[in-house]
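Since the structure comes first, as structure tokens, the remarks are kept for the end.
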Amino acid sequence: LLGPSGCGKSTVLRLMAGLSSPTSGSIDWRHGRPEIGFVFQDPTLMPWSTVFSNVWLPLRLQGVSRGQARVRIDEALDLVGLTGFADAYPRELSGGMKMRVSIARALVTRPALLLMDEPFAALDEITRTKLNDDLVALKCSLGATVVFVTHSVFESVFLSTRISVMAARPGRIVAEIPIGAPL
């Protein structure tokens, strides 16, 4: 989803995730609501918990024990390039590493749909470019659908197979642009 600030991109993600309810209309899933992972603009990590415990959170909320979760957490950390950081605390990580932990936390449940709300906006250009490359590789290896919110035209073209362009007041889709180039 590409568009200016305030046009409703984040609202669309919150509606898809079930974090907000529509004021009118409804969201209908063709084959039932899929398992969803959500990556927010900020990593939203628990500073008192290790990387392992932060990634374990969604599984723990599902009743999965620490021992049962270990393999999945290790796999998620490996997918985002953080093998060996399970015992680190957020204060010991760079901004890019914190965002990778947030992505691992969203991936640990193996969602069919990954919603990402401008997750790289606050990062420097070098880190952002690296994470964009990593996200393309992740998407290809996992086969999940990713809905990514951004203000960046470059980022939207680089990451997408289709771009929905939004406009504000009222928030709406004004264009659907298929991207024919391979990821």
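The values are calculated or read from the model by the stated rules, or taken from the named source; none is laboratory data. Computed from a prediction, not measured in an experiment: that's the story for all the values here. A quick note on method: Cβ atoms are made from the backbone with ideal geometry, for glycine too, and the neighbour counts reach across all protein chains shown. Only protein heavy atoms, including side chains, enter the accessible area calculation; ligands, DNA and RNA are left aside. Shrake-Rupley method; radii C 1.70, N 1.55, O 1.52, S 1.80 Å.
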Any hit, region 95-103, residues being modelled with pLDDT of 95 or more, of a type outside the set (Phe, Trp, Tyr) and under 26 Å from THR161 (Cβ atoms) = yes
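Please enumerate the residues belonging to region 1-56 that are part of a helix (DSSP H, G or I), β-branched (Val, Ile, Thr) and open to solvent by less than 40 Å² (accessible area, probe 1.4 Å). First the steps, then the outcome.
Narrowing region 1-56 to residues part of a helix (DSSP H, G or I): 9-17, 51-56.
If we keep only those that are β-branched (Val, Ile, Thr) too, we end up with 11-12, 51, 55.
VAL51, VAL55 - these are the residues of region 1-56 that are part of a helix (DSSP H, G or I), β-branched (Val, Ile, Thr) and open to solvent by less than 40 Å² (accessible area, probe 1.4 Å).
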Here the residues within region 111-145 that are at pLDDT 90 or above and on the phi > 0 side of the Ramachandran plot are GLU118
Please identify the pairs in which a residue from region 24-52 that is farther than 24 Å from ASP74 by Cα has its Cβ atom under 9 Å from the Cβ atom of a residue that is surrounded by fewer than 18 Cβ atoms within 10 Å (Cβ to Cβ) and small (Gly, Ala, Ser), counting only partners at least 6 apart or on another chain.
-> ILE27/GLY18; ARG33/GLY18
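Is it true that ARG72 is of a type in the set (Lys, Arg) and at negative phi?
For ARG72, the condition - of a type in the set (Lys, Arg) and at negative phi - is met.
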